[in-house]
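Quick notes on the structure that follows.
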Amino acid sequence: MRKASPKDEPLVIQVISESFRDNPSVLSVIKNDHKREKRIQALARYAFKTGLPRKGVWISSDEQAVAICYAKNRHKENIRDLRNQLVFAIKGIGLNRVLAVMKREAQMNKRRPQHHDYMYFWFFGVSNTGKGQGGTRELKEAIFQEADSHHLPILVETSVEKNKRVYERYGFTTYSTWHNKEENLTLWFMQRPVTSGAKPVLE
C-alpha cells in the first residue's frame, strides 16, 4: 500500500471510473447524457484533486484498488479547492444541474458532523482485474489502522444496500438515513468508532 502522488492521477481516475460506472449515487450527481463516461472521469479527477493535498488518496500494492479517505474537518477549503469544484461543475455536473446538486449536498451535510474530526471514506474502488486479489483488504486495514492511530472515527455513505451490509461486517453502524424522493434514492450514513468501546460521533 502507498499514498498517491500527482503522477498517479490517470491510474486513480481509471480505477474509480471503472468501479463507479453504475453506482446510483454517482449517476445521480453527474449529468446523464452521451458524455456520461467523461463525466464520471471528471468526478474521479475531482475526488483525486481533493484528496491528494489532504494525503488521502490510497493505492494498493498491486495498483488495482484505490481509496480516497482523509480527515474531513482538519483542512479548510482554499482557492485550489474552489477551482477544482468549478471545473467539476462544468465537466461533470453540467451548469444547468448545479443548483439541484448543491441542494442535495446541503441535505447530506446536515447529516454529517460539523464540529468533530473524522476520517471521511469517500471512494473505495477496485478494478475488474483486481477483484478478489486482496487489494481491498490491504487498503481497508491500512485505513482502519491510520484512523485508530489518530483516534478518529470513519464515516461513509452508500446508496447500495449490498455495500451497506459489507460495511456492517467491518464494524460500521448506520447513524442516519435519507431518502431522496426526487431521485428515488436512499442513502445510508454510517460510522465506525475508533474502537468497539469508543463514543460515536453521532447518535
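The values are calculated or read from the model by the stated rules, or taken from the named source; none is laboratory data. Here the structure is a predicted model, which is why all the values come from computation and not from measurement. Cβ: placed from backbone, ideal geometry, glycine included. Neighbour counts: every protein chain shown.
Okay, here's what the table says:
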| quantity | calculated |
| --- | --- |
| Identity of the residue in the range 69-108, modelled with pLDDT under 90, within 19 Å of the chain's Cα centre (by Cα) and among the polar types (S, T, N, Q), that ends up surrounded by the fewest Cβ atoms within 10 Å (Cβ to Cβ) | GLN107 |
| Leading residue by the ranking (farthest from VAL12 (Cα to Cα)) among those in the range 113-134 that are modelled with pLDDT of 90 or more and of a type outside the set (A, V, I, L, M) | TYR118 |
| Pair list, Cβ < 8 Å and 6+ apart or interchain, from the range 176-192 residues that are part of a loop (DSSP other than H, G, I, E, B) to residues that are small (Gly, Ala, Ser) and modelled with pLDDT under 90 | GLU182/ALA100; GLU183/SER28 |
| Residues of the range 11-27 classified as in contact (Cβ under 8 Å) with a residue 24 or more places away in the chain and outside any helix (DSSP H, G or I), total | 2 |
| Residues located in the range 35-59, provided they are closer than 15 Å to SER5 by Cβ and either part of a strand (DSSP E or B) or more than 16 Å from the chain's Cα centre (by Cα) (or both) | VAL57, TRP58, ILE59 |
| Hits in the range 28-55 - residues which are in contact with a Phe, Trp or Tyr (Cβ under 6 Å, 6 or more places away or on another chain), touching a residue at least 40 places away in the same chain (Cβ under 8 Å) and closer than 24 Å to ILE154 by Cα | TYR46, ALA47, GLY51 |
| Residues within the range 165-179 that are crowded, with 16+ Cβ neighbours inside 10 Å and either more than 14 Å from the chain's Cα centre (by Cα) or over 22 Å from GLY56 (Cα atoms) (or both), tallied | 3 |
| Evaluation of LEU152 against (1) outside any loop (DSSP other than H, G, I, E, B); (2) buried (at least 20 other Cβ atoms within 10 Å of the Cβ); (3) in contact with a Phe, Trp or Tyr (Cβ under 7 Å, 6 or more places away or on another chain) (one fails), failing number | (1) |
